[in-house]
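The values are calculated or read from the model by the stated rules, or taken from the named source; none is laboratory data. As the structure is a prediction and not an experimental result, all values here were calculated from the model. Heads up, the Cβs are rebuilt from the backbone with ideal geometry, glycines too, and the neighbour counts pull from every protein chain shown.
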Amino acid sequence: MGRAVTHGSATWRPAPELRREAASRPQPVGAARRTGAALVVEIRAPGDQTYDKIDFYAELGVREVLIVPPLEQRVELLRLVDSRLLLVTSEGTGAVRSDVLGASFATVESALRISWGDGSADLC
């Protein structure tokens, strides 16, 4: 697991192996690093702290947060706008589009559908 991160009275331990940076972002090293990833994916679990972290992610400059509550068969996408992470409204199809990934996410028949360019994949 990654190094613990404290924000206010909360402490989280990010999983660095799942973190991806935008190629154009500078990559500082060491404990002083306080920049956000281009995209964070939060897989919800009962009683987790996903929504408690939103302000923290915004302060770090995370561009998008994709929230996947598997038991609820939906996805939420938050996008950084004027230093705040705001909920992205769905497209006419019910999907939300990630600018970071260039892909859309929707739930379809108990699966998470990821669509991009001329392709798509359903994850059960």
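Being surrounded by fewer than 18 Cβ atoms within 10 Å (Cβ to Cβ) and at pLDDT 95 or above: is that true of V81 here? When the stated conditions are applied, V81 passes them. Taken across the range 97-116, residues that are among the aromatic types (F, W, Y), modelled with pLDDT of 85 or more and assigned to a strand (DSSP E or B) do occur, with at least one present.
Could you go through the range 84-91 and let me know if any residue there is on the phi > 0 side of the Ramachandran plot and small (G, A, S). Checked against the condition, which is being on the phi > 0 side of the Ramachandran plot and small (G, A, S), the range 84-91 yields no hits at all. Checking each residue of the range 54-69 against the condition of being hydrophobic (A, V, I, L, M, F, W, C) and at pLDDT below 90 gives at least one match.
Quick check on this structure: which one of L77, L60 is farther than 22 Å from S104 by Cα and touching a Lys or Arg at 6+ places or on another chain (Cβ under 8 Å)? Unique residue meeting the criteria: L60.
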